[in-house]
Amino acid sequence: MQRIVFAGFRGKAGVMTETTPFDEMWGKGDSLRGPYSAFQEWFDGEDHSRLRAKQREAEDVFRLTGITFNVYGRSEAEERLIPFDIIPRIISAQEWQRLSRGIEQRVRALNAFLHDIYNRQEIVKAGRVPLDMLKRNAAFLPQMCGVTPPGGVYTHIVGIDLVRTGDDEFFVLEDNARTPSGVSYMLENRETMLQMFPELFSRTRVQPVQNYPRDLRRSLGACAPIGAGEDPTVAVLTPGIYNSAYFEHAFLADQMGVELVEGHDLQVVDGRVAMRTTQGYQPIDVLYRRVDDDFLDPLNFNPDSALGVPGIMDVYRAGGITIANAPGTGIADDKAIYSYMPEIVEFYTGEKAILQNVPTWRCNEPDSLKYVLDNLKDLVVKEVHGSGGYGMLIGPAASRKELAEFRKKLEARPGNYIAQPTLSLSTVPIFTRKGLAPRHVDLRPFVLVSPDKVNITPGGLTRVALKKGSLVVNSSQGGGTKDTWVLGD
Amino acid sequence: MLGKTANGLYWLSRSLERAENTARLADAGQRIALTRLSGADDEWGSILQAAGGWDGYMAGHGEVTRDDAIDWMLRSPDNPSSVLSSIKSARQNARMVRTALTEEMWEAMNGCYMAVRDALARKVGERDLPECLQLIRSRTALVRGATHGTMLRNDIYDFLRIGTFLERADSTARILDVKYYILLPAAAAVGSDLDNVQWESILESVSARGGYRMVHGSRVRPQEIVQFLILDKRMPRSLNFCCSKIHENLRYLVNDYGQQTESADMAERLASSVRAQEVDDIFDYGLHEYIQSFLGSIADVGRQVEVDYRFYE
């Protein structure tokens with residue numbers, strides 16, 4: 001049953017006027033949903049002042065361990081904490097099974113799509129995706145044409161953003177196939193909850209997420225080039241300590257027990273990418289890069305980049321190193337390509353997509369643009385290449401002035417935008433001074449892909465809009481996080 | 001280990017040591033100022049010189065006052081050796097080499113940074129100075145404790161130790177050099193109360209009063225101060241002690257990596273020359289000249305470590 005709820009639409013024909021969003025703890029407000037029953041029992045017996053103290057304690061722990069992110073455009077010293085809410089987001093085993101199937105299907109399709117468009121381009125020949133979408137897209141890297149990465153894997157690490165609108169309705173919001181971040185919060189949030197509320201875990205069976213770093217290491221190792229040997233050398237490439245996600249880069253390298261390198265630690269030596277150690281240059285087999293394509297190789301891409309490694313693309317094309325994720329994967333999570341995902345899934349898997357796409361208007365098509373301009377105040381408009389919630393318009397929340405300004409931008413460069421209806425995102429309670437209060441959430445599960453396996457960690461990152469009624473969950477714009485539980489069978 | 005990581009570890013411990021030394025000098029300066037009868041601020045001049053950055057201070061201030069000197073040493077962002085600048089740099093380096101540190105050490109370092117940053121957010125008044133210095137001492141001691149208590153004894157630890165002792169040797173030598181003239185044998189003949197205070201101030205600046213008393217009793221004499229701060233092999237801030245530690249840790253690296261290095265050879269030569277030194281020979285050679293030549297040698301060792309272990313390229 002497909003039922004998209006359009007929040008904020010005011011009585012237009014054919015559109016439901018629905019104001020109360022689906023709450024994952026209380027459903028439509030009538031009765032407690034199953035996955036939350038054990039939690040609710042525990043919560044009822046808790047003293048709120050103790051919980052408040054615990055909430056503060058959690059923030060102190062985060063500050064001390066340095067789980068902070070840097071805010072772009074502010075003084076370099078500023079490191080902010082992502083607020084953490086102690087009420088977990090709980091998903092039942094059955095719900096998770098269905099989600100997992102959908103995610104796996106989608107990730108396999110993404111990889112098949114990437115291989116196809118950088119090789120034979122069957123999907124274009126079949127007329128399912130217009131050639132224009134690729135040709136005029138900055139995320140499409142001609143340097144990748146005819147290159148097959150070791151093991152045939154393009155997107156080694158994927159973080160698919162999901163939203164929920166009802167008991168049984170999940171939508172994919174974004175595919176994040178380049179360098180999804182946030183997995184360190186998934187791990188630290190769980191660690192914090194385990195330390196603060198051990199009793200809660202002994203009365204509820206929650207599937208563990210703690211194996212992620214080990215799985216990541218194994219998965220990356222399994223994608224090493226031929227001839228890398230039993231124990232491939234893996235390294236994490238970071239832009240450096242001023243990057244907003246530096247904490248995560250260091251965290252993952254530490255947890256995997258591999259080196260954290262920057263561009264200036266690396267050099268091409270004898271046809272291999274090698275890192276400068278205290279004992280000379282040591283070759284790397286697999287590079288988990290957290291640097292964008294454009295900065296990866298000043299010889300092949302942006303010549304001003306100091307973050308990358310001159311010549312790494314040549315080594316890569318010769319099969320001397322695995323780069324995860326592969327250069328050019330951005331084309332698969334591009335917002336314009338996103339609108340073709342139902343066709344893409346069907347084309348490569350021969351099945352209907354299990355997870356739904358949010359209906360999307362491509363503003364480069366005149367009919368769509370007209371519709372979008374006519375209904376601007378009811379839509380969410382996003383930049384095709386934007387991320388992090390920047391450069392986005394949320395129609396129902398925008399002022400007249402903001403709408404007028406955005407209209408101009410849209411008319412000037414329609415191809416730069418897509419539009420979607422405002423979904424009524426589900427809510428999960430957060431803990432406030434006045435007790436529990438519903439707030440909108442999304443979910444980013446983390447997926448690891450190796451030649452033989454798609455591994456989905458049971459859980460993920462739940463982002464929550466802490467402001468009442470707000471739909472923006474991005475950490476850079478006032479969102480917080482929650483621990484995400486997937487219950488055992 | 002990455003060359004960059006070795007570099008970060010080395011500067012992490014150097015900066016931390018520098019923060020401690022600067023705080024200790026501020027403490028010594030304050031004590032001396034309080035125990036002197038004349039109200040002059042000239043003691044702060046030599047304290048500033050010993051702490052480094054004298055030129056920087058004079059460029060910004062023109063005259064030496066107690067308040068400005070303390071603020072310069074504790075908080076000034078223009079002073080790269082101020083406690084705050086040093087702690088920031090230590091923490092910055094710790095972030096850079098986060099994967100090489102134990103969780104306990106990182107948390108101690110990060111906690112040290114947060115506490116010191118908050119304590120030094122505003123000018124520190126005279127009344128709050130002792131408490132503030134105490135906080136710096138105990139926070140840096142916690143980092144050192146976590147380092148000793150939790151870090152593996154491997155190359156990571158060696159680079160930390162090398163940074164610590166290079167900085168410390170440099171600091172002790174500079175403190176001696178600023179006051180070398182009051183330690184000359186001719187000065188001993190004067191033997192006035194004022195000079196006693198001066199001599200004690202030197203011991204105070206390196207937290208050596210108690211140690212000195214244990215070894216040399218309660219009489220403070222310049223020859224013995226020089227003996228204690230340069231040649232004593234038990235005094236953890238003496239040049240002899242620091243050099244033998246630098247050599248020791250470089251030798252561990254040589255054994256660990258199976259690679260002989262120029263820096264280890266240089267450290268060995270320096271350590272054995274300090275070890276074999278007699279205090280009279282130092283005076284014959286000239287105390288100031290001796291210290292200047294030592295400062296040159298220790299800087300050479302530092303530079304060679306950077307080259308041998310590929311800190312930069």
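The values are calculated or read from the model by the stated rules, or taken from the named source; none is laboratory data. These numbers were taken from a predicted model, which means no experiment stands behind them. Glycine gets a Cβ as well: all are built from the backbone with ideal geometry, and neighbour counts include every protein chain shown.
Values computed for the structure shown
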read-out: Subset of the stretch B:257-296 that is closer than 18 Å to B:ARG174 by Cβ and crowded, with 18+ Cβ neighbours inside 10 Å - its residue that is nearest to the other protein chains (Cβ to nearest Cβ); value: B:LEU270
read-out: Checklist (1) modelled with pLDDT under 95; (2) within 13 Å of chain B (Cβ to nearest Cβ); (3) surrounded by 19 or more Cβ atoms within 10 Å (Cβ to Cβ) applied to A:GLY240, failing item; value: (3)
read-out: Some residue of the stretch A:384-397 being among the aliphatic types (A, V, I, L, M), more than 25 Å from A:GLU24 (Cβ to Cβ) and either in contact (Cβ under 8 Å) with a residue 12 or more places away in the chain or not assigned by TED's automatic domain parsing to the domain that holds A:GLY459 (or both); value: yes
read-out: Selection status of B:PHE311, away from chain A (no Cβ under 14 Å) and touching a residue at least 40 places away in the same chain (Cβ under 8 Å); value: no
read-out: Single unsatisfied condition, A:THR192 versus (1) more than 12 Å from chain B (Cβ to nearest Cβ); (2) modelled with pLDDT of 95 or more; (3) within 30 Å of A:ILE82 (Cβ to Cβ); value: (2)
read-out: When residues of the stretch B:209-256 are limited to those that are among the hydrophobic types (A, V, I, L, M, F, W, C) and more than 22 Å from B:SER272 (Cβ to Cβ), the one nearest to the chain's Cα centre (by Cα); value: B:ILE225
read-out: Of all residues making up the stretch A:81-103, the number that are touching a Gly at 6+ places or on another chain (Cβ under 7 Å) and either assigned to a strand (DSSP E or B) or farther than 29 Å from A:ARG63 by Cβ (or both); value: 4
read-out: Whichever residue in the stretch A:280-311 is of a type in the set (Val, Ile, Thr) and over 20 Å from B:ARG310 (Cβ atoms) and, among such residues, is modelled with the highest pLDDT; value: A:VAL286
read-out: Subset of the stretch A:175-201 [over 17 Å from A:VAL486 (Cβ atoms) and of a type in the set (Ser, Thr, Tyr)]; value: A:THR179, A:SER181, A:SER184, A:THR192
read-out: Filter pass, B:ARG251 being among the basic types (Lys, Arg) and either within 14 Å of another protein chain (Cβ to nearest Cβ) or surrounded by fewer than 18 Cβ atoms within 10 Å (Cβ to Cβ) (or both); value: yes
read-out: Flag for B:THR5 being at pLDDT below 95 and either surrounded by fewer than 24 Cβ atoms within 10 Å (Cβ to Cβ) or not assigned by TED's automatic domain parsing to the domain that holds B:PHE159 (or both); value: no
read-out: Identity of the residue in the stretch B:73-101, of a type in the set (Val, Ile, Thr) and facing chain A (nearest Cβ under 10 Å), that ends up nearest to B:SER205 (Cα to Cα); value: B:VAL97
read-out: Given (1) more than 11 Å from every other protein chain (Cβ to nearest Cβ); (2) farther than 27 Å from A:THR278 by Cα; (3) surrounded by fewer than 18 Cβ atoms within 10 Å (Cβ to Cβ); (4) of a type in the set (A, V, I, L, M), index of the condition B:LEU152 fails; value: (2)
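Condition check ((1) within 21 Å of A:VAL107 (Cα to Cα); (2) crowded, with 24+ Cβ neighbours inside 10 Å; (3) in contact with an Asp or Glu (Cβ under 6 Å, 6 or more places away or on another chain); (4) not β-branched (Val, Ile, Thr)) across all residues:
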position: A:ASP293; (1), (2), (3), (4): yes, yes, no, yes
position: A:PRO298; (1), (2), (3), (4): no, no, no, yes
position: A:PRO303; (1), (2), (3), (4): no, no, no, yes
position: A:GLY308; (1), (2), (3), (4): no, yes, yes, yes
position: A:ASP314; (1), (2), (3), (4): no, no, no, yes
position: A:GLY320; (1), (2), (3), (4): no, no, no, yes
